[in-house]
Amino acid sequence: MKVVITDYQYDNVDAERRIVEDAGFELLDYQVKTPGALIPLVKDADAIITQYADIDRQVIESLEHCKMIIKYGIGVNNIDCRAAGEKGIYVCNVPDYGVHEVSDQAVTMILCLGTKLEPLQEDLRRGTWGYGGIVPVKRFTECRAGLIGFGRIPQMVCRKLQAFGMEILVYDPFVDDAVIEAAGASRASVEEICRNADFISVHCPLTEETRHMIGEKEFAMMKPECCIVNTA
C-alpha cells in the first residue's frame, strides 16, 4: 500500500510518516502542485494527502487504484470532487482544522477595521496625536455583523463578536433555524446582510454555487462604510 503526500507547508511530515509506516504502508512525500508533474508520482498510489496541489480531473483519471484523497484542512476546492466520485474515490478533509485560529483572525480583522486601527497607527507614526482623523467610529454595541456561512468557524466568530455586543445576522441555507437561534443570531438573506450589516464575514466553501457570490450587485447594496472580511 502506497500513500503519497503531494505538497505541504510544514517543517516535516514525521508524524504522518510514523502513523502511515506503523500501519504497514509506504509513505512518499513531495512538493509538487501541477497536474502534469503529479501524474507519474501518484498514479499508483492507494491514498493521496494534499494541501495546495491541483488534483484535477486529469490527475484523478490517471489514478490506477486510489481509494481516497485527503485534504490538509477544510476546503477541498483544489480537488475535483466530481471526478473523484465518478471513480469511487473518497474525498476527505479535516473539518476542525484551524477553527480557533481562523475565527480569531476574522474577529481580529473586524475589530481592527471597526476601530480604524490602521489609519490611527499611521497618524501616530506621522506624529499626529488624537483620534480626529478617524472620526466617526461606531461603537460595536450599535453594529451588526453578517456571517455568510455558519459552520464551525463562523459559529465561533458569532460567539466572539457577541462578547462585544454585536447583533449577528446569518445566511446559510444548510443550517437549521434551531442552530442559528441557539447561537443567539438571526437568519437573513444575502441581500439583507449586504444592506444592513456594518461588517460582513465570509465563511463559505468555494464551490460552483458560491464562486463570486459577493459581486458588483452585492457591493452596491452595502453601506459605504461596510467592511468585508474573507477568511474562507
**OP:** Please enumerate the residues belonging to the stretch 46-64 that are without any contact (Cβ under 8 Å) to a residue 40 or more places away in the chain, surrounded by 16 or more Cβ atoms within 10 Å (Cβ to Cβ) and over 22 Å from the mean Cα position of the chain (by Cα).
**Re:** V59, I60, L63
**OP:** Kindly check whether there is at least one residue in the stretch 100-118 that is more than 27 Å from Y10 (Cα to Cα) and either of a type in the set (S, T, Y) or surrounded by fewer than 12 Cβ atoms within 10 Å (Cβ to Cβ) (or both).
**Re:** yes
Original post:
Which of (1) open to solvent by less than 50 Å² (accessible area, probe 1.4 Å); (2) in contact (Cβ under 8 Å) with a residue 24 or more places away in the chain does G127 not meet, given it meets every other one?
Top reply: (2)
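What residue, among those in the stretch 194-218 that are of a type in the set (A, V, I, L, M) and under 19 Å from the mean Cα position of the chain (by Cα), is least open to solvent (accessible area, probe 1.4 Å)?
The extreme case among them is I200.
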**OP:** Would you be able to say whether some residue in the stretch 65-87 is part of a strand (DSSP E or B), open to solvent by 50 Å² or more (accessible area, probe 1.4 Å) and either farther than 30 Å from A178 by Cα or modelled with pLDDT of 95 or more (or both)?
**Re:** yes
**OP:** List every residue pair whose Cβ atoms lie under 6 Å apart, where the two residues are 6 or more positions apart in sequence or sit on different chains, the first residue falls within the stretch 34-45 and is at pLDDT 95 or above and open to solvent by 40 Å² or more (accessible area, probe 1.4 Å), and the second residue, located anywhere, is in a helix (DSSP H, G or I) and not acidic (D, E).
**Re:** K43/S62
**OP:** Scan the stretch 20-28 and give yes if some residue there is open to solvent by 40 Å² or more (accessible area, probe 1.4 Å) and in a strand (DSSP E or B), otherwise no.
**Re:** yes
Original post:
Can you tell me which residues in the stretch 1-18 are surrounded by 13 or more Cβ atoms within 10 Å (Cβ to Cβ) and either outside any loop (DSSP other than H, G, I, E, B) or among the small types (G, A, S) (or both)?
Top reply: K2, V3, V4, I5, E16, R17
Original post:
Going through the stretch 80-107 one residue at a time, which ones are under 21 Å from the mean Cα position of the chain (by Cα), of a type in the set (D, E) and farther than 15 Å from C204 by Cα?
Top reply: D80, E101, D104
Subject >> All positions within the stretch 178-191 that are open to solvent by less than 80 Å² (accessible area, probe 1.4 Å), farther than 18 Å from P205 by Cβ and out of contact with any Leu (no Cβ under 6 Å at 6 or more places or on another chain) >> reply: A178, I180, A183, G184, A185, S189
Original post:
Name the pairs: first residue in the stretch 176-199 and under 12 Å from K223 (Cα atoms), second residue open to solvent by 70 Å² or more (accessible area, probe 1.4 Å) and assigned to a loop (DSSP other than H, G, I, E, B), Cβ to Cβ under 8 Å, at least 6 apart or on different chains?
Top reply: D198/K138; D198/E225
Subject >> Close pairs (8 angstrom Cβ cut-off, 6 or more residues apart or separate chains): more than 11 Å from K160 (Cβ to Cβ) in the stretch 99-117, open to solvent by 40 Å² or more (accessible area, probe 1.4 Å) and among the acidic types (D, E) anywhere >> reply: C112/E118
**OP:** Give, as residue ranges, the strands (runs of 3 or more DSSP E) completely inside the stretch 137-232 that count at least 1 residues that are polar (S, T, N, Q) and at pLDDT 95 or above.
**Re:** 199-202, 227-230
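The values are calculated or read from the model by the stated rules, or taken from the named source; none is laboratory data. Given the structure is predicted, the values throughout are model-derived calculations rather than measurements. So basically every Cβ, Gly included, is an ideal-geometry build from the backbone, and we count neighbours across all protein chains shown. The area values use the complete protein model at the heavy-atom level, side chains included, leaving out ligands, DNA and RNA. Shrake-Rupley method; radii C 1.70, N 1.55, O 1.52, S 1.80 Å.
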